[in-house]
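The next block holds one structure in the form of structure tokens; read it before the comments.
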Amino acid sequence: PSEDEEMSGLPGEGRKLLAFADSRQDAAFFAPYLERTYRQVLRRRLILKTLVEDPAGREGRLRLQDLSGRLLRQAERVGLFEQRESYDERQQRMARWLMQELIAWDRRINLEGLGLLKFRLVRPDRWRPPQPLLDAPWSLSPDEVWQLLVLLLDTLRQQGAVTFPDNVDVRDEAFAPRNLELFMRGERADSKKHIFSWVPTRGNNRRLDILTRLLARTTELPENRHGAVALQMLTNIWRHLTDPRSVWRDHLPSENRRQVGVVHRISHLFWEVVPLVGDGVQDKESGYRCNRCRNVSHINLRGICPTYRCDGTLEPIDPSAAGWVENHYRYLYQNLVPIPLSAEEHTAQWTSEEAAAVQERFVQGELNTLSCSTTFELGVDVGELQAVLMRNVPPTTANYVQRAGRAGRRTDSAAFALTFAQRRSHDLTHYARPERIVAGRIRPPAVTVRNERIVRRPAPSVLFSAFFRWAVQERGCGFRNVGQFFEPEGEGPSGPDLLREYLDSRPAVVQEALRRIVPLDLQEQLGVEDWEWLPELWNEERTGILDRAVAEVNEDLTLLRELEEQAAAERNYRQSQHYQRVARTVRSRDLLGFLGSRNVLPK
């Protein structure tokens with residue numbers, strides 16, 4: 001954190017990180033990516049921290065709505081909020097965090113998927129297991145019946161068909177890509193109206209798949225009967241859950257929606273958040289992992305994996321296994337020091353006013369991270385800074401020195417410069433021998449002028465400058481745009497015709513200029529004396545660079561003229577006027593800019 005007392009009250013306490021990327025696109029991408037992924041980790045860290053530090057949380061007695069206020073106090077202690085955020089806005093953010101975790105779609109790396117906590121459905125008062133599930137062919141125990149119903153209802157939560165607190169809007173982009181209301185009904189799914197069906201509309205679904213695989217492990221019924229028996233039981237379970245007199249009516253409330261009818265969502269009010277790690281946690285467990293798809297489940301019903309179409313078997317997780325203990329996300333969720341972070345890009349796409357505003361917010365400590373392109377190497381003062389991140393190995397030692405030298409200018413602190421080597425030859429070369437770039441030895445810049453390719457490029461410029469002077473002085477012709485040069489209006493000659501006439505005389509002024517600027521030992525190679533450099537630009541076969549540019553313009557203008565005449569003949573005057581405008585646009589292009597874009601002149 002900064003030693004400036006005025007920054008101690010800011011989120012991040014004035015911490016600053018400068019991140020460099022050589023690509024402007026990479027720099028622009030990194031700022032929102034870093035902020036989004038870090039906030040996700042921070043959110044999960046604070047949820048878990050709140051649970052394991054609260055006595056009721058350690059006992060697994062807190063529901064989502066109980067956890068919201070406690071999470072708010074935890075977030076306030078770490079300085080997460082800005083002063084302008086009201087109490088209601090802070091409450092809303094905490095409730096949104098908890099709902100994001102309840103219906104998280106990234107299950108492999110969320111708190112539940114990594115065995116750090118579980119969401120436990122509250123058992124309804126006076127619940128009794130339905131008798132048909134206790135009888136053959138299912139023959140489940142009362143506890144197994146409960147586990148089965150929870151597995152089936154949990155599919156609603158995982159699909160996002162869940163009610164939301166009043167202060168949380170499901171349309172918030174924090175819930176993307178599922179930021180819309182989703183519902184469940186017994187039959188007839190409707191994707192346009194965001195309605196799932198409990199019983200598959202056709203074929204199979206997650207719920208029927210669970211029952212079919214359970215039946216295969218439970219009974220000796222012929223395999224060809226499993227699907228029909230499971231489908232009938234799935235239908236009966238839905239009737240049991242949605243009966244208005246059922247003990248499930250609060251857990252699975254009904255809604256009568258216009259043009260849709262009666263639909264259901266699983267209530268968010270009946271989920272307890274149970275930590276599975278931490279000192280004092282009553283029932284420590286790591287859960288079960290499928291030996292095939294490797295997904296984690298906290299319910300083991302006869303070894304069935306709840307993942308759709310997975311025929312693997314659940315096995316107890318070994319909490320001491322290296323892959324489990326050293327998991328990157330498990331470590332972060334349990335050990336990250338909860339420090340708020342805000343990030344912004346600082347690239348050439350900003351206007352000077354916007355760039356100055358972003359820079360000032362960083363200097364004042366309101367922004368913690370700036371993701372910069374190479375424009376930030378020189379001339380921008382960011383004040384006190386201890387850390388620099390380079391997202392790729394810089395092109396040269398000079399670039400590295402400029403970037404790394406941003407940090408550690410304070411005499412009482414050490415600088416930290418981290419360079420990430422990407423999987424490309426330049427980065428890996430310096431990764432293998434970092435002393436080359438870290439030592440700071442900078443080669444003086446040099447330009448090799450004795451290179452045929454470099455020397456050949458100015459020749460057309462010499463030619464055109466001499467030609468333009470000749471055209472004005474001898475013929476009174478000036479060429480400012482494409483139309484005047486390639487297809488002039490009136491009876492005068494075109495630019496290419498005049499150029500051909502000019503070149504037929506092999507003008508001495510061009511040759512003398514090339515003798516002055518081309519190194520002596522390259523004049524013969526370039527063909528200065530006998531004009532051997534010219535055919536690459538302009539030749540009788542019309543294959544030169546300028547020949548191709550002439551052909552392109554002529555073809556474009558001819559095509560537009562034909563299209564205009566055709567539209568006029570069909571009395572489609574609006575289309576005819578459109579082609580006229582396009583032709584005017586082509587003709588009005590700046591001539592030098594066009595020749596540069598077609599590689600006739602060096603840019």
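The values are calculated or read from the model by the stated rules, or taken from the named source; none is laboratory data. Everything numeric in this text was worked out from a predicted model, so none of it was measured. Quick reminder, even Gly has a Cβ in these numbers, built from the backbone with ideal geometry, and neighbours come from all protein chains shown. Heavy atoms of the whole protein, side chains included, go into the accessibility calculation; ligands, DNA and RNA do not. Shrake-Rupley method; radii C 1.70, N 1.55, O 1.52, S 1.80 Å.
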Residue count, the range 497-527 (criterion: farther than 14 Å from Ala466 by Cβ, in contact with a helix residue (DSSP H, G or I) (Cβ under 6 Å, 6 or more places away or on another chain) and without any contact (Cβ under 8 Å) to a residue 40 or more places away in the chain): 0
Matching option when the condition is in a helix (DSSP H, G or I) and either hydroxyl-bearing (Ser, Thr, Tyr) or under 20 Å from Pro338 (Cα atoms) (or both), among Gln74, Gln65: Gln74
Residue check for Val229: assigned to a loop (DSSP other than H, G, I, E, B) and open to solvent by less than 60 Å² (accessible area, probe 1.4 Å): no
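Residue-by-condition table, conditions (1) of a type in the set (Asp, Glu); (2) within 28 Å of Tyr288 (Cβ to Cβ):
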position: Arg36; (1), (2): no, no
position: Ala56; (1), (2): no, yes
position: Ser68; (1), (2): no, no
position: Glu76; (1), (2): yes, no
Segments classed as strands (runs of 3 or more DSSP E), wholly inside the range 280-371, with at least 1 members that are surrounded by fewer than 19 Cβ atoms within 10 Å (Cβ to Cβ): 314-316
Residues of the range 177-196 satisfying the condition of being assigned to a loop (DSSP other than H, G, I, E, B), among the aliphatic types (A, V, I, L, M) and open to solvent by less than 20 Å² (accessible area, probe 1.4 Å): Leu182
Number of the condition not met by Asp22 [criteria: (1) closer than 30 Å to Gly69 by Cβ; (2) part of a loop (DSSP other than H, G, I, E, B)]: (1)
Selection count where residues are assigned to a loop (DSSP other than H, G, I, E, B), open to solvent by 60 Å² or more (accessible area, probe 1.4 Å) and either of a type in the set (D, E, K, R) or within 16 Å of Leu385 (Cα to Cα) (or both), scope the range 1-12: 4
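Helices (runs of 4 or more DSSP H) wholly in the range 477-539 with at least 2 residues that are buried (at least 18 other Cβ atoms within 10 Å of the Cβ) - which ones? Walk me through it before giving the result.
Details: elements: 482-486, 495-504, 508-517, 520-526.
Answer list for the range 477-539: 482-486, 495-504, 508-517.
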Close pairs (9 angstrom Cβ cut-off, 6 or more residues apart or separate chains): free of Cβ contacts under 8 Å to residues at least 24 places away in the same chain in the range 227-244, part of a loop (DSSP other than H, G, I, E, B) and open to solvent by 30 Å² or more (accessible area, probe 1.4 Å) anywhere: Gly227/Asn204; Asp243/Arg249
Residue count for the range 106-158, restricted to those that are polar (S, T, N, Q) and more than 27 Å from Arg58 (Cα to Cα): 3
In the range 205-226, residue most open to solvent (accessible area, probe 1.4 Å) [restricted to those that are farther than 18 Å from Pro130 by Cα, of a type in the set (D, E, K, R) and not in a loop (DSSP other than H, G, I, E, B)]: Glu223
Residues of the range 13-33 satisfying the condition of being of a type in the set (Gly, Ala, Ser) and within 19 Å of Gly408 (Cβ to Cβ): Gly14, Ala19
Test: residue in the range 264-271 that is in contact with a strand residue (DSSP E or B) (Cβ under 8 Å, 6 or more places away or on another chain), in contact (Cβ under 8 Å) with a residue 60 or more places away in the chain and farther than 20 Å from Glu112 by Cα: yes
Qualifying positions in the range 13-38 - touching a helix residue (DSSP H, G or I) at 6+ places or on another chain (Cβ under 7 Å) and surrounded by fewer than 20 Cβ atoms within 10 Å (Cβ to Cβ): Glu13, Asp22
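Listed here are the residues, each with its yes/no results for (1) in a helix (DSSP H, G or I); (2) in contact (Cβ under 8 Å) with a residue 60 or more places away in the chain.
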site	(1), (2)
Ala421	no, no
Leu428	yes, no
Ile437	yes, no
Arg441	no, no
Val447	no, no
Arg450	no, yes
Val455	yes, yes
Val462	yes, no
Ser465	yes, no
